[in-house]
Amino acid sequence: MGAARVSSSDPGTRAPGQDAPGPEVPVVVDGLDAFRTEVLESPLPVVVDFGAPWCAPCRAIAPVLVELAREFAGRVKVVTVDTDDNQELARAYGIVSIPTLYFFRAGELDRTLVGAHPKREIRAHVASLLEPGP
């Protein structure tokens, strides 16, 4: 998918061979500190994709998330978390099935979507993050 990696050990660096994230590239979050910075402290609403490379449904929605990251660039951030590499983070957020999409607004969990869904459904959830909150 060409995503940039942000890790807890050095949140300002990118993995070797990877460019800094553009608006169309979901950020790969690695570790609790990076999650806090990229998701909980983000000034933008955030879509978090919890998944794994071996997961076929995760791979199926990856291009959809790239397209939505492009469409909502500058208004919504899209990040991905590899649950195999971040088991502590997955446990902390109660991830029991992948893919799971978490939608955050102002650092708070707004909604959850479990499983692979059509683009129009995922897009509706992303768009809802831009509506006034409760």
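The values are calculated or read from the model by the stated rules, or taken from the named source; none is laboratory data. These numbers were taken from a predicted model, which means no experiment stands behind them. Glycine also receives a Cβ, built like all others from the backbone with ideal geometry; neighbour counts cover every protein chain displayed.
Among the residues of segment 35-47, write down those that are surrounded by 17 or more Cβ atoms within 10 Å (Cβ to Cβ) and touching an Asp or Glu at 6+ places or on another chain (Cβ under 9 Å).
P45, V46
With the condition kept exactly as written, say whether any residue in segment 74-95 is buried (at least 17 other Cβ atoms within 10 Å of the Cβ), without any contact (Cβ under 8 Å) to a residue 40 or more places away in the chain and either within 12 Å of the chain's Cα centre (by Cα) or not in a helix (DSSP H, G or I) (or both).
yes
Output the number of residues of segment 115-134 satisfying the condition of being in a helix (DSSP H, G or I), of a type outside the set (K, R) and surrounded by 13 or more Cβ atoms within 10 Å (Cβ to Cβ).
Of the residues in segment 115-134, 5 are in a helix (DSSP H, G or I), of a type outside the set (K, R) and surrounded by 13 or more Cβ atoms within 10 Å (Cβ to Cβ).
Scan segment 96-117 for residues that are without any contact (Cβ under 8 Å) to a residue 24 or more places away in the chain and either closer than 19 Å to A52 by Cα or touching a strand residue (DSSP E or B) at 6+ places or on another chain (Cβ under 9 Å) (or both) and jot them down.
V96, S97, L109, R111, T112, L113, V114
Every residue in segment 37-62 that is under 13 Å from the mean Cα position of the chain (by Cα), assigned to a helix (DSSP H, G or I) and not hydroxyl-bearing (S, T, Y), please.
E38, V39, L40, C58, I61, A62
Please indicate, with yes or no, whether at least one residue in segment 100-112 is buried (at least 20 other Cβ atoms within 10 Å of the Cβ), at pLDDT 95 or above and either of a type in the set (S, T, N, Q) or assigned to a loop (DSSP other than H, G, I, E, B) (or both).
yes
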